[in-house]
Every structure is written in structure tokens, then in C-alpha cells.
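The values are calculated or read from the model by the stated rules, or taken from the named source; none is laboratory data. Remember, predicted model here, so these are calculated numbers, not experimental data. Using ideal geometry, Cβ is built from the backbone for each residue, glycine included, and neighbour counts are taken over all protein chains shown.
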Amino acid sequence: MKICSIDIQGSEAMLCLLSMDSGLFNVHDCRQIRIPLQHDNDAEKMRKFQFTISKLLEDYQINNVVIRERLKKGKFAGSAVGFKIEAAIQLIESANVEILSSQEIKEQLKKNPLPIDAREAGLKKFQEAAFQTGYAWLNKKAFSKAD
């Protein structure tokens, strides 16, 4: 199962493509690892952003998307633009989108620590949160089937 995991930072979606087969996970190359949303309240730019994500998912034959949950309140709360990005992704009809909380990610990483860090997997530093999110989600799915 190949997934697209996403971490939203400011007005950009940071992407990481991962899969797991027989307990082994793979990081896949992706033509675009960060997709910005121009935030000037233009509906056409919102549609373009959504189309870009949708086309990427179609081209890489991905049905499952997991997004790292962002706080709604407090010092590290997500921005309005970030919530627009999240909504645009959730409304892609061909995608099964799930939100994974930081707590769930921490629990999965505690049970199944990352065998390598994002840099060793060939990813950029800004993809690390998306990588951890996808890895945690894949492990959650793999071990929930085993239970």
C-alpha cells in the first residue's frame, strides 16, 4: 500500500510517499515534495492547489493520504491558510484522507522506532514530520490488522 503523508507548514504542504510491504517500508521518489498555496483569498488558486495534489495522487496511484494534525489553539496553532490546505486535500474525491494526531504518532514511534532518519532515507529536513507521520500510520495499519 503506497501512501502520501503530508505535514502542513505555514502555507505549504510537505509531502512524502511511503509504502509498506511484508513489514518493510520504502520511501518513493516524488516529482514535487512541497506544494505552496498562494494565500490571497483567490478561489482559482485554491482550485489549482487542489488539482496539483489530486493529479500527483493520480499519477502515483495513491488512494490513501495521511495528514499530521495541527493544533487549533495555543502557541503552535495552525494558520488559517493551513486549515484551507487541509480542507482542500480532504475534499479530493479520489482520496481516503485521515488525520493523525501527534499523540498517535508518538505512540507508534515508541512501539516501532524509525529504523533510519529522514536524511538517511534520502529526504530533506523539512520532510521529516511528513515521513514520521506516514511511517506511524503504516505501522498503525499493519499492526491493527494483526490484532
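Just to check your reading of the model, which residue among Ile53, Ile92, Ile6 is hydrophobic (A, V, I, L, M, F, W, C), touching a helix residue (DSSP H, G or I) at 6+ places or on another chain (Cβ under 7 Å), assigned to a loop (DSSP other than H, G, I, E, B) and on the phi < 0 side of the Ramachandran plot?
On the way: Ile53 fails: assigned to a loop (DSSP other than H, G, I, E, B); Ile6 fails: assigned to a loop (DSSP other than H, G, I, E, B).
Residue meeting the stated conditions: Ile92.
Look at Ala77 and say whether it is at pLDDT below 90 and more than 17 Å from the chain's Cα centre (by Cα). When the stated conditions are applied, Ala77 passes them.
In the set (1) at pLDDT 95 or above; (2) more than 20 Å from Gln132 (Cβ to Cβ), Arg47 fails one condition alone, (1). Evaluation of Gly122 against the conditions (1) of a type in the set (Gly, Ala, Ser); (2) surrounded by fewer than 16 Cβ atoms within 10 Å (Cβ to Cβ); (3) not in a loop (DSSP other than H, G, I, E, B) shows that the sole unmet condition is (3). With respect to being of a type in the set (Val, Ile, Thr) and in a helix (DSSP H, G or I), Ile35 falls outside the description. On inspection, Leu37 does not qualify as hydrophobic (A, V, I, L, M, F, W, C), under 14 Å from Cys4 (Cα atoms), surrounded by 12 or more Cβ atoms within 10 Å (Cβ to Cβ) and in contact with a strand residue (DSSP E or B) (Cβ under 8 Å, 6 or more places away or on another chain).
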